Each structure stands twice: as C-alpha cells, then as structure tokens.
Amino acid sequence: MKKITIAIDGYSSTGKSTIAKKLAKSLGYIYVDSGAMYRGVTYFAMQQGYIKDGVLDAKALLKSLDQIDLQFKFVAGLPDAAMFLNGENIEAPIRTLAVSQQVSPVAAIPEVREKLVALQQAMGVQKGVVMDGRDIGTVVFPEAELKLYLTASADTRAHRRYKELIDKGDKVDFDAVLKNVQERDYIDSHRATSPLKKAEGAIEIDNSDMGLEEQFERILSHANALIERS
Ligand code: DC
C-alpha cells in the first residue's frame, strides 16, 4: 500500500500536534513538528543576543543562518523525537512562554522560512509523513493527499496552553498566555510571507467542543480512505 502525505495546519494550541502524533503512530508514519524548527531558530537568536528587550536584530540573525543546524533525534526513554540545535537538546527551552513570545517575528522572515521549508520538504520526500504547522498544506506540501485545518476559539486554546505550561512547572498567568495566543494568531495570519490560511482542499475541523477520540476517528477514516485509493 502506498504512503501518503498528511498536512495539518491551524492556529497555536488547536491540538495539531496531539492529533498528528496519534495519526503518525497509528499509520507507522514519521511525525514532524515544524513549529519546533521556528522555535529552534528563535532560541538560537535569543542565545546569540539577537533579541534584546523583545526587539529582534533580523540582519544579525540572517548573517548567522548557516550556523544553525536543526535536527530531530530520538532520546532514550521518550516516545517523540526531540529538537536539537547544533547538537544540543533544546526541547525544553523552546516550549517556554519566553520563546513563544519571540517566535512570530522570527517566523515572518522570508529567508528563515526558505531555509526551514527546504528542510521540511526534504523530510517528506518519501511520503509517509504527518507534518503540522501553519503553511504545510499551502507551501510545504501543496500536493499532500490529506490536508487538515484545525480551529478552536482563542479562549479554549489559551486554557489548553495555560494548563500545559503550568503542568510543566512554567509559572505563567492566564492573561499573559491569552495575550500571546491572540498576538501570535494576528502575526501568523497577517504576515506577508506564507500567512496561515486554510489550504485549498483542506478539511476544516473546529474542535472547541470535540474530544480527541472523536476527532482522531474522523481524521483516521479520511486517511485510510485516501491510502486505499492511492
Ligand atoms: O506550532 P507552534 O506554536 O509551536 O509554532 C510556533 C510558531 O512558529 C508559530 O507562532 C508560528 C510559527 N510557525 C510558522 O510560521 N510556520 C510553521 N509551519 C510552523 C510554525
């Protein structure tokens, strides 16, 4: 049976990665979290001092772009691959609110997108990949057999994100998380290069009031029908 490509796009905290990981596991496909790569570049910029008091020195970052080596690697004892930057496991720091607050301007830089899109396309050459992000169905894999566009209200998403951060021990307040969700929604869908939008042919699912299992079963049946046909 042939393998297909599954592209999942949507705003932050729409549950894309949970669904994507579950789908990949059930189909025996590779899961790629493209947001982790944008977070990785942002973390690099912060480490190098290219982001000071919330202001990004885009020129300095662009000059150093070829010093950034991003790789997904499995770590013993963990079910999902972790993001490595120049050999360092950066999975924990890239998930903090501090990185979330800086990532959208970095992700809006065309040269950053060009570099990461090329890496993402290379990871999907053999198909059998589930990738989530903002431009996967529109730019990275416009030919993907299955495209999904997940949505949920900003309040629902901020509650999910807040719980995730608190569970990890990140001391944040809910209003800061909601503000960050709303700001990223705006920047991610209004930037000039590859703004978040529903890809042509994508199936839209609003999961504000939908459980994980119901969503998963719906999506898996779409995927299986496409795999049988391919
Ligand atoms: O999915 P996430 O919240 O981890 O993504 C972090 C940021 O990266 C998000 O605010 C927008 C950006 N991003 C992007 O521009 N394109 C992608 N394909 C994935 C993420």
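The values are calculated or read from the model by the stated rules, or taken from the named source; none is laboratory data. These numbers were taken from a predicted model, which means no experiment stands behind them. All Cβ positions, glycine included, derive from the backbone under ideal geometry; neighbour counts span all protein chains shown. Side chains included, ligands, DNA and RNA excluded: accessible areas come from the protein's heavy atoms. Shrake-Rupley method; radii C 1.70, N 1.55, O 1.52, S 1.80 Å.
As a length-normalised measure over Cα pairs under 8 Å and 6 or more apart, the relative contact order of segment 133-191 settles at 28 percent. Shown here for segment 83-146: trypsin sites (Lys or Arg not before Pro) in loop regions (DSSP other than H, G, I, E, B) with at most 16 other Cβ atoms within 10 Å, namely LYS127. Going by Cα centres, segment 188-204 and segment 1-46 are how many Å apart? Using only Cα atoms to place each centre, the spacing works out to 16 Å. Cross-link partners for LYS52 among the aspartates and glutamates, with Cα-Cα distance under 17 Å and sequence neighbours closer than 8 places in the same chain left out, do not exist in this structure. Which log10 I(q)/I(0) values, to two decimals, does segment 46-93 give at q = 0.21, 0.28, 0.31, 0.32 Å⁻¹ under the Debye formula with one point per Cα? Each listed q corresponds, in turn, to -0.80, -1.03, -1.12, -1.15. Projecting label points 7 angstrom from Cα along Cα→Cβ for PHE174 and ALA98 puts them 2.6 nm apart.
Take the Cα radius of gyration of segment 123-178 and divide it by 2.2 N^0.38 Å, N being the number of residues; the result is 1.55.
Taking amide H positions as modeled 1.01 Å from N, with prolines and chain starts lacking one, the residues under 5 Å from TYR31 and 5 or more places away or on another chain are VAL130.
Each label point was placed 7 Å from the Cα along the Cα-to-Cβ direction; for ALA76 and ASP167 their separation is 2.7 nm. Spin-label model, GLU213/GLN121: points 7 Å from Cα along the beta carbon direction are separated by 4.1 nm. The order of PHE216, PHE74 by accessible area, most exposed first and with a 1.4 Å probe, is PHE74, PHE216. Mean residue ellipticity at 222 nm, helices only, the chain: -14500 deg cm²/dmol; runs of at least 4 DSSP H residues each add -39,500 (n - 2.57), and the sum is divided by the number of residues. Residues whose amide H falls under 5 Å from that of THR5, counting only those 5 or more places apart or on a different chain, are GLY128, GLU145, LEU146, with hydrogens built in the peptide plane.
If you average 1/r over all unlike Cα pairs in segment 76-230 and invert the result, what Kirkwood radius do you get in angstrom?
17.6 Å
Surface exposure of segment 8-77, expressed per residue as accessible area with a 1.4 Å probe, stands at 48 Å².
Rg/Rh for segment 140-212 to two decimals, with Rh computed the Kirkwood way over all alpha-carbon pairs.
Across segment 140-212, the Cα-based Rg/Rh ratio is 1.03.
Kirkwood hydrodynamic radius computed over segment 187-230 comes to 12.8 Å, based on all pairs of distinct alpha carbons. Surface composition of the chain: carbon plus sulfur atoms hold 52% of the accessible area, using a 1.4 angstrom probe and ignoring ligands, DNA and RNA. Ligands, DNA and RNA aside, PHE141 has an accessible area near 20 Å² when probed at 1.4 Å.
Each Cα pair under 8 Å and six or more residues apart adds its separation to the average, and for the chain the resulting relative contact order is 34 percent.
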